[in-house]
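Engineer: Below: one structure in structure tokens.
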Amino acid sequence: MKDEYDLVILGWGAAAFSAAIKASEITSNQASIAMIGTRMGGTCVNAGCVPSKYLIGAAAEVYAKRHSFYPGVTPLTSQFDFEALMASLGETVEWERKTKYEDVIRNYGNVELVKGIASFEGRGAVSVISERGKQTINGHDVIIATGSSPKIPEVSGLREAGFLTSEDVWDLKEVPSSLAVIGDGPIAAELGQAFERLGSEVVVLMKHPWLVPRAEPELGMALTEALRSEGVKFEPSARVRAVKKTRNGKLVEFSAGEGEEKRAEVDEVLVAVGRSPNLPFGLEKAGVAYSDRGIKVDASMRTTSPRVYAAGDVVDQPLMLETLAAKEGAMIAENVYDHAGKELDLRAVPWSVFSDPQLASVGYKEAEYPGKAVSRLLPLESVPRARIMRRREGMFKLVVDAETDKVVGVHALTPIATEVIVEGVYALKYGLTVSDIVDATHVFPTLSEGIKLAAQSFTRDIEKMSCCVERRRSSNSSKVQASGGRCELLNRVSLPQGHDFLSGQRNREDWHRPFWTAAKLRFSIC
């Protein structure tokens, strides 16, 4: 390890690697770069994206064999070896870490990997504690990309009783017979459903009335109902008081609803209340402002210290995503070495939940838009491809600027929503209008056609259109309408006033029953 580097990067994850690689490419491998970290690949490959999607995929296959949406197709008895499954999950993680991180960085001889813990001694001075001892190095520029860790709530007895997080749940050797999930975000939804499909009796203790409170309320409610229909139990507005270790597992004491005191006896407890930034020591010495939410940066990812930048989960920003971290790391390198002057637009960054149905979102929620917005909510049952698949649990929502007709938010709850949402990304990135989406020919029948149908519902009644013709927007409509079209249908199929959505029961196999009759929305969706 040298004393001076052009660029010092704290971290070994997506943001760090993208910054190092982009800086190397721009400078033709002339920039001397030190990367200091302890876990190759960071959260995504080791404990996030890769293992979670592997487990979710396996659970979906088990579920699909035991259930059928089609008459005449007999479900099968599905058996599986959980220990073998988790061993293969570990092998996949190792392979991805090796091929996408370890092998890749070997192509850049100007990058030196240093295994150790870094802290700041000054604005460009970084102290590194490694197996070689302690050494202070200096970087002309420094990037903080130290990631995040699971947030652990202060609950009486929790640490003594023991618990799982998204970091160590992958070490399980057998499926818990029962599981209490504390949290209501993406991790709680994904892993809660996955373990229920693998045989656990799952109860989710939610702080909010429905899952994924970051999402549009209609989508969060419907996702909660979809998981409930599979057997996941929910305790909305829950406050966990204590966790106690028992002879056979754990006892979770909590209040729910209007404050009713309850208990849940479970085999395991999974804590999924979010993540906290891994803030390195000495930020004050470097002149870097921060809070418990993360490091403060401007739109170019520069901190309050002129030559110190931050990227990824350690940043004070609303999203913690691997793709966002990688984009930020590369952007910093472009700004530093190519003087690109790029700035980040978080509104064009999509995020998703890999549940079933999947939830994906980009842009503004209707209530958050600073201007005047109008919206349309299209039930998934209005999309021909969904009816062919016999899937009705979901919807599309488009949020549009009432003055310009530009699309400012796209939200989807549907199978493969994570694949479909990219159309929304393009719409926001390039300022597309409702007309632009309607005029673009979509493949029939596809789920992505739901975005076009939602766009058309601003100006016409989609029930009066053939499913096999090009649906162009009416030429006499110059502005989106504030109400009408498919929204009228949604109002007609709602349950009687006062129905409690969260306690509603629905048989997943009862395909002919409209999904919306099981999901009463207690506010206008038009």
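Engineer: Inside the stretch 105-138, can you point out the residues that are in a loop (DSSP other than H, G, I, E, B), within 21 Å of TYR309 (Cα to Cα) and not basic (Lys, Arg)?
Structural biologist: ASN110, GLU121, GLY122, GLY124
Engineer: With respect to GLU96, determine if the residue is charged (D, E, K, R) and touching a residue at least 60 places away in the same chain (Cβ under 8 Å).
Structural biologist: Here the answer is no, as GLU96 does not meet what is asked.
Engineer: Further, regarding this structure: Within the stretch 308-341, how many residues turn out to be crowded, with 17+ Cβ neighbours inside 10 Å and of a type outside the set (A, V, I, L, M)?
Structural biologist: Within the stretch 308-341, residues that are crowded, with 17+ Cβ neighbours inside 10 Å and of a type outside the set (A, V, I, L, M) number 11.
Engineer: Which of the residues belonging to the stretch 323-380 are in a helix (DSSP H, G or I) and among the aliphatic types (A, V, I, L, M)?
Structural biologist: Those that are in a helix (DSSP H, G or I) and among the aliphatic types (A, V, I, L, M): LEU324, ALA325, ALA326, ALA330, MET331, ILE332, ALA333, VAL336, LEU346, ALA348, ALA367, LEU380.
Engineer: Quick one: which of ALA427, ALA386, ALA412 is in contact with a strand residue (DSSP E or B) (Cβ under 6 Å, 6 or more places away or on another chain), under 18 Å from GLY450 (Cα atoms) and part of a helix (DSSP H, G or I)?
Structural biologist: ALA427
Engineer: Here's a follow-up. For GLY220, state whether it is out of contact with any strand residue (DSSP E or B) (no Cβ under 7 Å at 6 or more places or on another chain) and surrounded by 15 or more Cβ atoms within 10 Å (Cβ to Cβ).
Structural biologist: Yes: the conditions hold for GLY220.
Engineer: Kindly indicate which of ALA58, ALA14 is within 21 Å of the chain's Cα centre (by Cα) and crowded, with 24+ Cβ neighbours inside 10 Å.
Structural biologist: Answer to the check: ALA14.
Values quoted throughout were computed directly from the atomic coordinates according to the rules given, and no laboratory measurement underlies them. The shown structure was predicted, so the numbers you read here are calculated from the model rather than taken from an experiment. Using ideal geometry, Cβ is built from the backbone for each residue, glycine included, and neighbour counts are taken over all protein chains shown.
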